[in-house]
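Worksheet for the structure shown next.
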Amino acid sequence: MSSDASKSSSAADRPGTPARAAARGSAKAANPLQPIKALHVGSGDPLLLLHGFTMSPHCWEQTAARLATQCEVFAPAFAGHWGGPSANGWSIDVHFLADQICDQLDELGWRTCHIAGNSLGGWVGVELARRGRARTLTLIAPAGGWHAPSLTQLRINLKFLSLVPLLEIGKHLGRFAIDNPLAQRIALLALSKHASAVSRRDAAAAITAALNCPAMLPMIITALRAPAQDDLSTLRTPVRLLLSEYDRVIPNRVYARRYLKELPESADRILVNGVGHVPMLEAPDRIATLIAEHVYASRTRLRAV
């Protein structure tokens with residue numbers, strides 16, 4: 001991580017910032033087994049990065065380091081996820097997660113900010129945009145592109161439900177499941193196109209996050225009966241949609257249809273070649289560039305906030 005990013009991470013520990021006990025992006029990043037409450041690095045335009053379901057801020061480390069040279073980057077852990085605040089009860093949904101993020105933005109003093117979200121993070125980003133918190137919105141392989149009730153909604157939730165027994169086994173195996181090259185390769189089959197492009201450290205962090213996600217089962221159960229998100233055509237925030245060419249978690253041919261059809265005509269629609277569902281792991285330079293382009297393009301518009 002750059003020296004600028006390291007300095008900003010230390011500054012994030014000042015009283016009054018939500019990241020202060022464990023938000024040092026560079027210091028905490030040295031050990032992937034240490035949970036991160038939030039990465040808070042850089043200076044410039046405020047940029048919020050939101051991770052996917054069962055993931056953690058670790059997946060943003062490389063991308064955040066690249067963006068930190070021109071943006072103040074904040075990448076928090078969702079409630080009920082590894083490093084995030086606790087989430088009690090069995091009713092955890094996108095609105096609940098958005099409430100938590102809004103509270104953190106208020107603590108930072110960010111009335112609005114640029115938002116980029118991957119998978120579940122993209123869905124939460126849409127909700128934040130509806131609440132008027134987004135200056136721009138970059139959706140990276142976003143979840144939530146289904147109607148409800150529908151077979152598509154049932155299929156995706158059953159897919160995640162089938163992983164619960166495997167994760168329970170992984171918890172008992174401990175470090176073996178986290179550090180084992182075969183286990184890492186299997187995990188990366190879902191998250192990336194080219195497993196060799198993902199470091200073993202990043203793979204270990206992804207597995208550790210999945211093994212330490214108490215919100216997983218409550219969110220799946222809640223999602224099985226949750227209503228679909230509102231029509232995406234009503235979004236007034238400038239949107240850039242990034243679809244992963246080799247998305248094995250929510251394949252584009254099924255789960256991207258609503259986004260492609262309903263987003264405003266002005267929205268960018270981009271297919272990112274040669275990457276999987278979490279492209280930041282294998283192509284951080286490209287993802288950082290695509291986010292930065294969208295942020296910079298907004299500067300040509302005069303906005304009242």
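The values are calculated or read from the model by the stated rules, or taken from the named source; none is laboratory data. These figures come from a predicted structure and were not determined experimentally. Note that each Cβ is placed from the backbone with ideal geometry, even for glycine, and that neighbours are counted across all protein chains shown. The area values use the complete protein model at the heavy-atom level, side chains included, leaving out ligands, DNA and RNA. Shrake-Rupley method; radii C 1.70, N 1.55, O 1.52, S 1.80 Å.
Based on alpha-carbon centroids, what's the gap between the stretch 104-135 and the stretch 46-80 in Å, whole number please? Centre-to-centre (Cα) distance: 12 Å. Oblate is the label for the stretch 183-305. Its Cα gyration tensor axes, ordered a ≥ b ≥ c, give a/c of at least 1.5 and b/c at or above a/b. Note on the chain: antiparallel DSSP beta bridges, both residues inside, total approximately 15 percent of the bridges counted.
Each Cα pair under 8 Å and six or more residues apart adds its sequence gap; the mean of these over the residue count of the stretch 119-214 is a relative contact order of 20 percent.
Taking the chain as the region of interest, the number of lysine pairs whose Cα atoms are within less than 26 Å, with members eight or more places apart or on different chains, is 10. The overall shape of the stretch 21-176 is oblate: from the C-alpha gyration tensor, with semi-axes ordered a ≥ b ≥ c, the ratio a/c is 1.5 or greater and a/b is no larger than b/c. Each peptide in 136-146, 231-241, 160-170, 62-72 receives the mean, over its residues, of other Cβ atoms within 10 Å, and ordering these scores from highest gives 136-146, 62-72, 231-241, 160-170. Entry note, the chain: relative contact order of 19 percent, from Cα contacts under 8 Å with a spacing of 6+ residues.
Multiplying the residue separation of V164 and Q34 by 0.36 nm and removing their Cα-Cα distance gives an extension gain of 44.6 nm.
Considering the chain as a Gaussian network with a 10 Å cut-off on Cα pairs, which listed residue, P227, P279, P214, attains the greatest mean-square fluctuation? Result: P227 has the largest fluctuation of those listed. Taking only Cα atoms and a 10 Å spring cutoff, compute GNM fluctuations for the chain and point out the largest among S199, S43, S266. Among S199, S43, S266, the largest GNM mean-square fluctuation belongs to S266.
When the inverse distances between all different Cα atoms of the chain are averaged and flipped, the Kirkwood radius reads 19.1 angstrom.
Accessible area per residue for the chain, computed on protein heavy atoms with a 1.4 Å probe, is 43 Å². A Förster distance of 30 Å, applied to the separation of the beta-carbon atoms of R248 and R111, puts the FRET efficiency at 0.20.
Once the Cα-Cα distance is subtracted from the 0.36 nm per residue extended length, the S298 to H194 segment shows a gain of 34.2 nm.
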